[in-house]
2 protein chains.
Amino acid sequence: MIGQARHRVVVIGAGFGGKYAAKALRKAPADVTVINGTNHHVFEPLIYQVATGVLSPGEVATPVRELFRGQPNTDVLLGWVTDVDTESRTVTATAPGGLPYQVPYDTLIVAAGTAQSYFGNDRFAEHTLSLKSIDDAVELRSRILTAFEMAEIATDPAEQARLLTFAIVGAGPTGVELAGQIAEIAHRTLPGEYRRIDPAQARIVLIDAADRVLPAFSPGSSAAAARRLRDLGVEVRVGTLVTDVDAGGVQISVDGGAPERIDAITRVWSAGVAAAPLAARIAAATGAPTDRSGRILVEPDLTVPGHPEIFVVGDLMSLDGLPGVAQVSIQGGGYTGRVIRRRLTGKPAGKPFHYFDKGNIATVSRFSAVADLRGVRLSGLAGWLLWLGVHWAYLPRGRNRASSLIRWAVTFLGRSRPERAVTARQAGLPSPAPADPLREPAPAAAPHS
Amino acid sequence: MIGQARHRVVVIGAGFGGKYAAKALRKAPADVTVINGTNHHVFEPLIYQVATGVLSPGEVATPVRELFRGQPNTDVLLGWVTDVDTESRTVTATAPGGLPYQVPYDTLIVAAGTAQSYFGNDRFAEHTLSLKSIDDAVELRSRILTAFEMAEIATDPAEQARLLTFAIVGAGPTGVELAGQIAEIAHRTLPGEYRRIDPAQARIVLIDAADRVLPAFSPGSSAAAARRLRDLGVEVRVGTLVTDVDAGGVQISVDGGAPERIDAITRVWSAGVAAAPLAARIAAATGAPTDRSGRILVEPDLTVPGHPEIFVVGDLMSLDGLPGVAQVSIQGGGYTGRVIRRRLTGKPAGKPFHYFDKGNIATVSRFSAVADLRGVRLSGLAGWLLWLGVHWAYLPRGRNRASSLIRWAVTFLGRSRPERAVTARQAGLPSPAPADPLREPAPAAAPHS
């Protein structure tokens, strides 16, 4: 029997928004296709731990297919979405290898996430590393560890100082967590392993234009985090503008005063977030308004104005000034999936999206975190234990929870870090080249092991 | 007090040979410098598990510095050794970033390992992947997993078949273990995750010119391994020459018969091993003879003829037809370190190097391995339990042993694999590009998190 054509839902992106949207469509009478630019869903709140050698990529990255193994109405395709034709209702993506393919939809969920914003200064992008993907995290890890290696080889003290200086622009949770972990690498992991340099001499500078770190947190939590960072040896430079970035360092200025230069080989940009480029295409095609960050202003049910068949969730959606945090994506994704299921099963439209703010939490170092919950503020060890419980519970799978717990014990109770391998390719060194000392021309290959 | 200049020992390479040589110099009255092309020592016997998603790079790669943290006479430098001047006794290496640096020695230990040999067919190198380093393993993993992803997108059945064919040239331990693991990925890990293809239809072809797999093992073990491979669905093609390799597949021939073509997007070369290029330079400088594989023929005490200050250990050394296996490197490294220590402490020269053959072991799949020990042959579960015990004991560190055990439980008792993340860069897809919707020119950056 050939049944009636099923309703087709396409989900662009398998971050928090896309994952929870597709999950909520599990029992919907629809064929769901999730298109993602990598084969995995990233647990972004822990990506800084990949960048600092605590967790492996697999521990924060779950294969998208595995998420939907038990959901037979859902297929997963690997591809980079380049365009959406809102007239013919077709998504165009690029497959690995470069060939384009198209997927038609009846309902579309756009959860394509963010890109970095450099506030109009494109050269900042060229000269800084970011921390959004596994690629970013692995590259940053190799840069941090290679900087110490190069300092051990260097003989010029100024060059050693440049190599041992780490400038982090942006003191949100990612910048704070990264600064704290680099400080722990310098002060706990590496001492005793070097003979010519003292890794603890590393200079870690955390810069933000806001007047305090973690500006989205309560002033008390900000102050507690800043104190802990200073205890770790991090230079906290708030109320400070970055006026230039180049291949050798950053230039900063306080209150329009004289510029100060910080020579640093490692420069990280965790300051600006903007909508992924796809948002602009969809806005142009639908006439939807966007906010200053390029996010699409959505209706209260998270649809694009005039296009009830297009939903926007997560970091691409602009609604009531909601922040670009994981919980907004998770709740928006689940809401969208439920709205679509109601429609397809003939139920009346439900309530508008309502965000439930569970609070904020950020780790500064081992045994120290700050948390602003609903009316409760925790810091130090109490905050850290809450962080441990929350993140362990949210890690997507049993197997990765178990190994992550071991990695945390190794890192936080011990002093080593489990994932410190920098490959030849990452360090920019040659790999063993094929050698072929057999000079006689081989008539035919004779492979023997 | 300024003491007398200490004897300087330089160790090139931190594989098994270099690691055990430097370890044996722990209490020698010498300053030891270990130069390695990456920041880690690789536990090579398990590298195929990184290539197949079982272990993370950090679980088979120990930082060289960490190995020598408690050995104050030993410094570690990251660098690719390009030359050795045996007259002035100086090693030249390239640092990350490309700058050369030099390290003088009084005694040199060359443990630079192997490169691939393609038996004179350079185009084979261009069209196959190898499995010697973490770079290789991560690339092979992404190719294997991306082939299944691309098959799910492809619509042409012939293209799907090419994508789902894996040709492995060389049926030594690496080839056998890799073929077995790819079979388990196809038959155990991926089924249930795809909607358009059946991953179990993957074709895995293991090719060797020898008349049996694992030619270094006993005929009984070879037969047991071949049976198990066939049970897993692997096509075992022994007595088979590879006559050509190109971007679309390999061409094989049996007994000079008509060539047969195997279309395969994924092609792995685990057949030939030759000395690293450095061996040729040292041979040219010292006049030392080399064997057909380019390895240096050493004296019974592992020194280069006429150069008692230069030792060659591991895969670069040719002595009595000893095979290029981990145990030869481990024992040769330890022996070399002890010889040098005896010299420096004025003791008489000891006995020539004697290799103690502990036997061979290779896993075919979960719960099945073959082992030839001294007079004892094990296969199936008994062999596998021995494999588990031996490899667990040899894994260099407590922390990685614990997490590896969890990974093995996940993979061998369950059906998933912990490390399956393929990044955008690895898949050849774009990463989120910097987006900057703020059209007004930014006067100065205003980083806000």
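Considering the stretch B:372-433, the qualifying helices (runs of 4 or more DSSP H), each wholly inside and each with 1 or more residues that are touching an Asp or Glu at 6+ places or on another chain (Cβ under 6 Å) and free of Cβ contacts under 8 Å to residues at least 40 places away in the same chain, run over B:424-427. Taken over the stretch B:164-201, the criterion of being aromatic (Phe, Trp, Tyr) and over 25 Å from the mean Cα position of the chain (by Cα) is satisfied by B:Tyr194 alone.
Screening the candidates B:Ala279, B:Ala285, B:Ala226, B:Ala271 for the property of being part of a loop (DSSP other than H, G, I, E, B), in contact with a strand residue (DSSP E or B) (Cβ under 9 Å, 6 or more places away or on another chain) and either without any contact (Cβ under 8 Å) to a residue 12 or more places away in the chain or among the hydrophobic types (A, V, I, L, M, F, W, C) (or both) yields one hit, B:Ala271. Taken over the stretch B:266-292, the criterion of being of a type in the set (Gly, Ala, Ser) and closer than 30 Å to B:Gly248 by Cβ is satisfied by B:Ser270, B:Ala271, B:Gly272, B:Ala274. Across the stretch B:283-299, the qualifying residues are those that are of a type in the set (Ser, Thr, Tyr) and either more than 11 Å from B:Ile310 (Cβ to Cβ) or modelled with pLDDT under 95 (or both), and the one among them that is surrounded by the most Cβ atoms within 10 Å (Cβ to Cβ) is B:Ser293.
The rows are residues; the columns are (1) touching a helix residue (DSSP H, G or I) at 6+ places or on another chain (Cβ under 8 Å); (2) surrounded by fewer than 18 Cβ atoms within 10 Å (Cβ to Cβ).
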residue	(1), (2)
A:Ile204	yes, no
A:Pro215	yes, yes
A:Gly220	no, yes
A:Arg230	no, yes
A:Asp255	no, yes
A:Leu278	yes, no
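Hey, can you tell me all the residues within the stretch B:300-321 that are at pLDDT below 95 and either in contact with a Phe, Trp or Tyr (Cβ under 8 Å, 6 or more places away or on another chain) or assigned to a loop (DSSP other than H, G, I, E, B) (or both)? Result: B:Gly314, B:Asp320, B:Gly321. Report yes if some residue within the stretch B:73-90 is crowded, with 24+ Cβ neighbours inside 10 Å, within 10 Å of chain A (Cβ to nearest Cβ), in contact (Cβ under 8 Å) with a residue 60 or more places away in the chain and not aromatic (Phe, Trp, Tyr); otherwise report no. Checking the stretch B:73-90: at least one residue is crowded, with 24+ Cβ neighbours inside 10 Å, within 10 Å of chain A (Cβ to nearest Cβ), in contact (Cβ under 8 Å) with a residue 60 or more places away in the chain and not aromatic (Phe, Trp, Tyr).
Of all the criteria given as (1) farther than 30 Å from A:Leu163 by Cβ; (2) surrounded by fewer than 23 Cβ atoms within 10 Å (Cβ to Cβ), the one not satisfied by A:Gly248 is (1). Scoring B:Gly324 on the criteria (1) outside the structural domain of B:Lys27 (by TED's automatic domain parsing); (2) under 27 Å from B:Leu178 (Cα atoms); (3) at pLDDT below 90 leaves a single failure, condition (1). Candidates in the stretch B:26-62 are the residues that are among the charged types (D, E, K, R) and farther than 23 Å from A:Ser142 by Cβ; of these, the one that is surrounded by the fewest Cβ atoms within 10 Å (Cβ to Cβ) is B:Lys27. For the stretch A:238-276, a tally of residues being more than 30 Å from A:Leu316 (Cβ to Cβ) and in contact with a His (Cβ under 7 Å, 6 or more places away or on another chain) returns 2. Within the option set B:Arg407, B:Arg377, being more than 21 Å from the chain's Cα centre (by Cα) and not small (Gly, Ala, Ser) holds for one residue only, B:Arg377.
You will find that of B:Thr146, B:Thr107, the residue that is more than 22 Å from A:Gly79 (Cβ to Cβ), touching a strand residue (DSSP E or B) at 6+ places or on another chain (Cβ under 9 Å) and surrounded by 21 or more Cβ atoms within 10 Å (Cβ to Cβ) is B:Thr107 and no other.
Residue by residue, here is whether (1) in contact with a strand residue (DSSP E or B) (Cβ under 7 Å, 6 or more places away or on another chain); (2) more than 20 Å from A:Glu260 (Cα to Cα) holds:
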position: A:Ile168; (1), (2): yes, no
position: A:Leu178; (1), (2): yes, yes
position: A:Glu193; (1), (2): no, yes
position: A:Ile197; (1), (2): no, yes
position: A:Leu206; (1), (2): yes, no
position: A:Ala210; (1), (2): no, no
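Inside the stretch B:184-216, can you point out the residues that are closer than 17 Å to B:Gly272 by Cα and either in a loop (DSSP other than H, G, I, E, B) or aromatic (Phe, Trp, Tyr) (or both)? Passing the criteria: B:Asp208, B:Ala209, B:Ala210, B:Asp211, B:Arg212, B:Val213, B:Leu214, B:Pro215, B:Ala216. Residue check: A:Ser404 meets all listed conditions (1) away from chain B (no Cβ under 14 Å); (2) buried (at least 22 other Cβ atoms within 10 Å of the Cβ); (3) at pLDDT below 90 but one, namely (1). A:Lys23 fulfils the conditions (1) out of contact with any strand residue (DSSP E or B) (no Cβ under 8 Å at 6 or more places or on another chain); (2) facing another protein chain (nearest Cβ under 10 Å); (3) surrounded by fewer than 24 Cβ atoms within 10 Å (Cβ to Cβ) except for a single criterion, (2). Among the residues of the stretch B:94-104, are any within 8 Å of chain A (Cβ to nearest Cβ), modelled with pLDDT under 95 and surrounded by 24 or more Cβ atoms within 10 Å (Cβ to Cβ)? For the stretch B:94-104, residues within 8 Å of chain A (Cβ to nearest Cβ), modelled with pLDDT under 95 and surrounded by 24 or more Cβ atoms within 10 Å (Cβ to Cβ): absent. On the stretch given as the stretch B:113-168, residues that are in a loop (DSSP other than H, G, I, E, B), at the interface with chain A (Cβ under 7 Å from one of its Cβ atoms) and without any contact (Cβ under 8 Å) to a residue 24 or more places away in the chain total 1.
When the criteria are applied in full, B:Ile153 fails the requirement of being out of contact with any Asp or Glu (no Cβ under 6 Å at 6 or more places or on another chain), under 19 Å from B:Ala51 (Cβ atoms) and either in the same structural domain as B:Gly13 (by TED's automatic domain parsing) or not small (Gly, Ala, Ser) (or both).
Checked against (1) within 11 Å of chain B (Cβ to nearest Cβ); (2) under 30 Å from B:Phe68 (Cβ atoms), A:Val234 meets all criteria but (1). Looking for something more than 17 Å from the chain's Cα centre (by Cα), crowded, with 22+ Cβ neighbours inside 10 Å, closer than 30 Å to B:Ala409 by Cα and of a type in the set (A, V, I, L, M, F, W, C) - is there at least one such residue anywhere in the stretch B:357-364? Checked the stretch B:357-364: at least one residue is more than 17 Å from the chain's Cα centre (by Cα), crowded, with 22+ Cβ neighbours inside 10 Å, closer than 30 Å to B:Ala409 by Cα and of a type in the set (A, V, I, L, M, F, W, C). Of everything in the stretch B:417-439 that is at pLDDT below 85 and of a type in the set (Gly, Ala, Ser), the residue that is surrounded by the most Cβ atoms within 10 Å (Cβ to Cβ) is B:Ala435.
Scan the stretch A:257-268 for residues that are crowded, with 16+ Cβ neighbours inside 10 Å and part of a loop (DSSP other than H, G, I, E, B) and jot them down. Selection gives A:Ala264, A:Ile265. Meeting the requirement of 2 or more residues that are more than 23 Å from the chain's Cα centre (by Cα), no helices (runs of 4 or more DSSP H) wholly within the stretch B:1-102 can be named.
The values are calculated or read from the model by the stated rules, or taken from the named source; none is laboratory data. Small disclaimer: the values here were computed from a predicted structure and weren't measured. Don't worry about glycine lacking a Cβ; one is built from the backbone with ideal geometry, like all the others, and counts go over all protein chains shown.
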